[in-house]
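In what follows, a single structure is set out as C-alpha cells and then discussed.
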Amino acid sequence: MDMKEQHAIVKLNKRRSEIAETAQRGFTVVIGANSLDAAIVREVHWLAKEAGAPLTVYMVAPTKPWVSALITPQAEQIKRLVARLDAQLVTITPKEAVEKITTDWRNALPLRVFFGPRRRWPWDIGVSRALFRQLTSFTKSSGVDATVDAPVPGDTWTHVVWRLDQHRPWYHDYVLSLFAVCIAALSVQWLKNLMPAENLSIVFLTAVIFSATAYGFAAALFASLISVGLFDFFFVSPTFSFSFSSPDNVLLVILFVLMSGITSNLAGRLRDQAEAAQQREGEARALFQLTRDVATSDTVEETYAAVVRQSALLFDAETIVLVPHQGPSDSDASKAASTLQPVYPPQSGLNQDHIEAARWAFAHNNPCGQGTDNFSVLDTFFRPLETANGVVGVLALSNFNSNMLVEDKARRMFDSVCRLSAVAVERARQSQELEDARVISQTESLRSALLSSISHDFGTPLASVIGSTSSLLTYGDRYTPEVTHELLTTVLEEAERLNKFVSNLMQMTRVESGALIPRLQLTDVDDLIGTTLDGAQRRLEKHDLYVEVAERLPLINIDFVLMETVLMNLLENACKYSPPETSISIMAYEKEEHVVIDVKDNGQGIPSEDLGAIFDKFFRVKARDRKIAGTGLGLAICKGILEGHNGSIEALSDGPGRGTTMRIQLPADVSDIAESA
C-alpha cells in the first residue's frame, strides 16, 4: 500500500468519525405547543439537514384541561410537521420536562439547542421561564451552543407603544394632537345646539383615538388630559371653571387613558407587523435575487460576483469572498486554510492580518473579527461558509453594522444568506473542478491521439523512405530501370504523404489560434471545382468522376486557396474510403441564397452515431482502424476554414457500406443574386 492510499484511508476514517459524532450529537428544539413554533422547527430542520445531524423536538404540553383543549389543534399541527420532517418528537409535561430533557442530554449531549418563544404570564403558551433558566444553565455548564428565540408577544396590556415614530421631533406629535383636540372642541361647540353638551364627550374620544393611532400612547395621553380639561372648562356647568374632583371627570380621564393604551397598542402592533412583513418581503426578494443570480451564472467569477453583490446590498457593507485553492476534500482544513485567498472582487484591499484572520475562521469554522472575541481589533467580520461537506470559503464584511450579530431577526437573515452563499460557492468550485477535469481529460486524449498519429502515420512513410533509399544505395547498380523508377516513386509518394501530414498539423494550429484569416475574393464555382480537379487527377485516376454544376450560379466570396484545400481534402477522403472503380460525384447548386457543393462517394459510409463526431480532431484515430493512412485532421481543418467563411459543412450517410455525402454551404454574393434575377 503506497502513501497516497494510506493518506486516503486516513481521511476516509476521519470523515467517518466526524459523521458518526455528528449523528450521535444532533440538534435539539425545546418548544411549547404554539403555532408560532412551527417556523422554528422548519428552520432548525434545514440547519440539521445541512450538518447531517438528527433533529429531536421536545414539546412541553400543559396538563390543565382548559389550556389543553385550547392548544390541542396547534399541538397536532406540530406533530404532523415533525413527522413529515422525519424528526423525533418527545411530548412531555411541564413537571417532568427538566428531568427528562437533562437526562437525555447527559446520555447524548446535543450539538446545538434551540429554544422556542418564552411565555410572559402563567396563562400564556410557550416555554416557561423556570424551565428556560434551568435548561440554559445546563447548556452553559456543558458548553453547548444555545439559541434563544424572542418571547411570545403579550396581550393588549403588555405592548403599549410610547411613540410610534421615533424619527420625527417629539413636539410634532403633541402639536398635531392639540390641533385634533381643538377640532373636536369646535365640533362640540357646534353640536351642543342639537343636544346637551354633557353627552358630547364622545367627540373628544375621536381625537384621543386619532392621536393614539397616529402617534402612540404619549400623544394620546396628552390628548386625553387636554380633552378632559377643555370639556370640563367650556362645556360642563359651571362653565369656565375646573372641577377635576368630579367623579364624572375622573371616570372620563380613566376611560380616555384606557382607550389610549388599547388603541396605541393595536396601532403599534399593526405597524410592527407591517414593518416585519415589509422586512420579510425584502429578505425574500433578496434571497430570491441571490438564488436567481447564482442559478444563471455561467462562470465561477459570475457566481462569486452574485454573492458579493447581493450580500453588499443586504448588509450595506463591503463584501469579499475568500476560497482556498484546493478544497477540503483534497486535504485537511488546516492545509486548505493555508491556501485561502480573496477571489472576488479582484481588488479586495485586505492586508496580511485580514488574511490570517480569514484563515483562522476557515480552519476553526468559527466567526472572527469585528464584534467577536477573536481578532476583535480588525475592522472586518469574517464568517466561514459551511455546507454539509465542510467549510468551503469565508465571507468578509467591512464597514457594516455590528448590531446585526446581536439582533435575532438580522442574525437569522445573515445566517440564511451565508448558508445560501456557501452552497453557491461550493457549486461554483465543483463546477470549476469538473471543468478542469474535463479540460485535462480532453488534453490527455488529444495528446495520446497525436502521439499515436505521429508514431504510426509518420513511422510508416519514414520506414518506406528509408527502406527504398537504402536499397537503392546498396543494390542500385543491380536493379533494372523499372525497379529503380518504382523505388523512387515510392520515396516521392511517401515524402508527399509526410508533407501532407505536416501541413495538416500546421494548418490545424493556425485554425485554432485564429491566425488563419481568409483573403476573400469573388469566385466562380466552376473555376474553384476545375482548379481542384486539376490538382487531384492522380488521386482520381482509379475512380469514375461525375461533375454537375448548375447554370448561372451566383459568385461566392471566398479565399480561393483555402477553399481549394477544403475540396481537395474531401476528394482525398472520398478516394481513400471508396473502393477502386467506384464513382465519385461533385454537384453544385443554389439553395436559399447559399451555394451548395456536394462531394459524394460510394464507399464505406459512416454510422449514424458518428456523423456529428467526424469533424473532431483525430476522430479516425480513435474510432477507425489504422489500415488507411491519415492524421484525422482533414475534416476538422475543413470545418474551421468554412466557419471562417460563415459557411458550414455536414456529413450525410445512410449507414455503413452506403457511401457518404459531404455537403458544403457558402453564402452567395447578394449583389450577384440580384443581377441574375
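Table for the structure above
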| quantity | calculated |
| --- | --- |
| Arg133 vs. criteria modelled with pLDDT of 75 or more, open to solvent by 70 Å² or more (accessible area, probe 1.4 Å), in a helix (DSSP H, G or I) and closer than 16 Å to Ile31 by Cβ | no |
| Options Arg519, Arg552, Arg510: the member that is open to solvent by 70 Å² or more (accessible area, probe 1.4 Å), in a helix (DSSP H, G or I) and at pLDDT below 90 | Arg510 |
| Tabulated pairs, segment 173-187, first without any contact (Cβ under 8 Å) to a residue 24 or more places away in the chain, second among the β-branched types (Val, Ile, Thr) and open to solvent by less than 70 Å² (accessible area, probe 1.4 Å), C-beta under 6 angstrom, 6+ apart or interchain | Ser187/Val203 |
| Unmet requirement for Glu593, which otherwise passes all of (1) acidic (Asp, Glu); (2) at pLDDT 90 or above; (3) within 25 Å of Pro554 (Cβ to Cβ) | (2) |
| Which numbered condition Val406 fails, given (1) among the β-branched types (Val, Ile, Thr); (2) exposed (fewer than 14 other Cβ atoms within 10 Å of the Cβ); (3) modelled with pLDDT of 80 or more | (3) |
| Options Ser578, Ser585: the member that is in a strand (DSSP E or B) and more than 21 Å from Gly644 (Cβ to Cβ) | Ser585 |
| Filter result (touching a helix residue (DSSP H, G or I) at 6+ places or on another chain (Cβ under 8 Å), modelled with pLDDT of 65 or more, open to solvent by 20 Å² or more (accessible area, probe 1.4 Å) and not hydroxyl-bearing (Ser, Thr, Tyr)) within segment 112-130 | Arg112, Arg118, Arg119 |
| Glu281 open to solvent by 90 Å² or more (accessible area, probe 1.4 Å) and either in contact with a strand residue (DSSP E or B) (Cβ under 8 Å, 6 or more places away or on another chain) or at positive phi (or both) | no |
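A quick yes/no check of all residues on (1) at pLDDT below 80; (2) outside any helix (DSSP H, G or I):
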site: Gly261; (1), (2): yes, no
site: Arg269; (1), (2): yes, no
site: Asp272; (1), (2): yes, no
site: Ser311; (1), (2): no, no
site: Ser331; (1), (2): yes, yes
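The values are calculated or read from the model by the stated rules, or taken from the named source; none is laboratory data. Note that the structure is predicted; figures quoted are calculated from it, not measured. Every residue, glycine as well, gets a Cβ built from its backbone with ideal geometry; the counts of neighbours run over all protein chains shown. We work out accessible area using only protein heavy atoms, side chains counted, and drop any ligands, DNA or RNA first. Shrake-Rupley method; radii C 1.70, N 1.55, O 1.52, S 1.80 Å.
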